[in-house]
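Colleague: Take this structure first; my questions come after.
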Amino acid sequence: MANVQGQCSLQGRYDSYASWIISGIIVRIGQKMGYHRDGEAIDLSPFETEMRRRIWWHIVVRDSIHAAASRLTPSPLPANWDTKEPQNLNDSDLFPNATEPPLPREGPTEMAFCLLNHRVYKLTSESYMDMDKVQALGAAVLGQTPDGKNTANEIQSTFTKFRDSAAAMDRALQDLEMRYIDPKAGNAHVAALSLRSMLTRSLFPMLTPIQEQPEWGSEIFTPEDNVFKILVTSYEHVCDAYQKMLETRFEWWMSLHFHLDSLTAFTGQLCQRPTGSLSDRGWKVIEKMYQQYPELLDITQKQHRVQARYALKAWEAREGALIQAGQIVERPVFIGQLQAALFASDSQPSRPSALTTAPPSARRPSQQTTESDPLLGEYDSPDMTWSTWGGFSTDNSGQLSDALLESYLLQGDMSQGNVNTQESQ
């Protein structure tokens, strides 16, 4: 149980790469303690069997989340692991001295949210085990094929296969909802009903060919534009989901999935896209994120300060473009708060810098920050490249290279430290 608590405490304590490392250690500790073996197979009591199932599944799900945040793979699980999913039980059904396994219930229980969350993990993990298919999807999102031949029929076939898989996943989760969830049973059940819609609403925009996007020919001309549209849409769904979870007091769950380095890369993109309908939507997203995560206004935190620099640089570009177009500019409240906070901070006596100017996903291996964790050192996020989206890297075959995506997401002028020279002084 201490390992589970430690895994949750990683949120916001370390960057995504360090969290992935520590999470892998926790998986190994759980394996050493035998949690990867189902209690029935090793003659444990019914109570201990069920509790160990809950702990092991929490560990592997959280490890998967940390892997996604760091854009790395989950920790390899032991080949012989056989721990079953937790049963559909209320806590009151479990007794430490019980000698017979409890019978799982058929209707709603206190485990509804956990069971649905575990099934989402299981279904998505199964869908992405085949790396060839993942690479094909990444290429299709860019309007390409893995071999660079850009065959329209092959691209359409890839989208069709993934749409079919997404539809099957949706049906499987819908079946679980019918079996285990009742909105009248409490906030956990209401929150559980949001999981399926969050997943499908994030998947389906990605599974639409670039030429079928409504903005094609007006704001979407290139694969980079399409990826930006996907990011905007994804963040819109995240903000909507947060509001729904807030109403059920489950916003903590959204916070566990919040990736600040990705938000910073997205904010950096707005520096290069000051106007247009996608930019307008992107700024609404940024404003909501600062409302939903007010801790971002605390610029004493290293990554919050980096994010603030990019937000102000993006706003400067947008404000200038709107004024030039003769439009009335209304400054968002959070921009004024960031400006005031950074002005107050920069007015203080100089001190050793705790930051580099580039956002976490923009730093190259040779770049070092001047501040490191005393235990882990400076484990930073890896570069965000085209392989993040499709798992492939190309050169002269006509496909987009890693360097191009890095330029797209993070913009060369900012990665060279032009956000604000104060940070490097």
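The values are calculated or read from the model by the stated rules, or taken from the named source; none is laboratory data. Note that this is a predicted model, so its numbers are computed, not measured. Using ideal geometry, Cβ is built from the backbone for each residue, glycine included, and neighbour counts are taken over all protein chains shown.
Colleague: Give the residue, chosen from Arg105, Arg54, Arg62, that is surrounded by 14 or more Cβ atoms within 10 Å (Cβ to Cβ), under 25 Å from Phe250 (Cα atoms), in contact with a Pro (Cβ under 6 Å, 6 or more places away or on another chain) and among the basic types (Lys, Arg).
Modeller: Selected residue: Arg54, the only one of Arg105, Arg54, Arg62 that is surrounded by 14 or more Cβ atoms within 10 Å (Cβ to Cβ), under 25 Å from Phe250 (Cα atoms), in contact with a Pro (Cβ under 6 Å, 6 or more places away or on another chain) and among the basic types (Lys, Arg).
Colleague: Also, I was wondering about something else. Name, by its number, the condition in (1) within 18 Å of Gln339 (Cβ to Cβ); (2) at pLDDT 95 or above that does not hold for Gly282.
Modeller: (1)
Colleague: Hey, another quick one. When you check Ile286 against the structure, is it in a loop (DSSP other than H, G, I, E, B), hydrophobic (A, V, I, L, M, F, W, C) and either surrounded by 16 or more Cβ atoms within 10 Å (Cβ to Cβ) or touching a strand residue (DSSP E or B) at 6+ places or on another chain (Cβ under 9 Å) (or both), yes or no?
Modeller: For Ile286, the condition - in a loop (DSSP other than H, G, I, E, B), hydrophobic (A, V, I, L, M, F, W, C) and either surrounded by 16 or more Cβ atoms within 10 Å (Cβ to Cβ) or touching a strand residue (DSSP E or B) at 6+ places or on another chain (Cβ under 9 Å) (or both) - is not met.
Colleague: Quick one: in region 25-37, which of the residues that are in contact with a helix residue (DSSP H, G or I) (Cβ under 8 Å, 6 or more places away or on another chain) and surrounded by 17 or more Cβ atoms within 10 Å (Cβ to Cβ) is nearest to Asp82 (Cα to Cα)?
Modeller: The extreme case among them is His36.
Colleague: Under the condition of being part of a helix (DSSP H, G or I) and among the basic types (Lys, Arg), which residue from region 81-129 is farthest from Ala68 (Cα to Cα)?
Modeller: Only one residue tops the list, namely Arg119.
For (1) farther than 26 Å from His36 by Cβ; (2) touching a Lys or Arg at 6+ places or on another chain (Cβ under 7 Å), each residue gets a yes or a no:
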| site | (1), (2) |
| --- | --- |
| Lys84 | no, yes |
| Ala98 | no, no |
| Val120 | no, no |
| Gly143 | yes, no |
| Lys161 | yes, no |
| His189 | yes, no |
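Colleague: Report, by residue number, each residue of region 172-193 that is over 14 Å from Glu110 (Cβ atoms) and hydrophobic (A, V, I, L, M, F, W, C).
Modeller: Residues satisfying the conditions are Ala172, Leu173, Leu176, Met178, Leu193.
Colleague: Next question. Which residue, of Glu236, Glu212, Glu224, is at pLDDT 90 or above and either of a type in the set (Gly, Ala, Ser) or assigned by TED's automatic domain parsing to the domain that holds Gly138 (or both)?
Modeller: Glu236
Colleague: Step by step: first the residues of region 207-266, then only those that are without any contact (Cβ under 8 Å) to a residue 60 or more places away in the chain and among the hydroxyl-bearing types (Ser, Thr, Tyr), then the one that is nearest to Leu142 (Cα to Cα). Which residue is that?
Modeller: Restricting to residues being without any contact (Cβ under 8 Å) to a residue 60 or more places away in the chain and among the hydroxyl-bearing types (Ser, Thr, Tyr), the top hit is Thr222.
Colleague: If Thr267 satisfies every condition in (1) assigned to a helix (DSSP H, G or I); (2) over 30 Å from Gln135 (Cβ atoms); (3) of a type outside the set (Lys, Arg); (4) at pLDDT 90 or above but one, which is the exception?
Modeller: Failed condition: (2).
Colleague: Also, I was wondering about something else. Name the residue that is surrounded by the fewest Cβ atoms within 10 Å (Cβ to Cβ), counting only residues in region 149-186 that are among the hydrophobic types (A, V, I, L, M, F, W, C) and over 26 Å from the mean Cα position of the chain (by Cα).
Modeller: Met178
Colleague: Take Gly143 and decide whether it is at pLDDT below 90, assigned to a helix (DSSP H, G or I) and in the same structural domain as Arg163 (by TED's automatic domain parsing).
Modeller: Taking the combined requirement at face value, the residue does not satisfy it.
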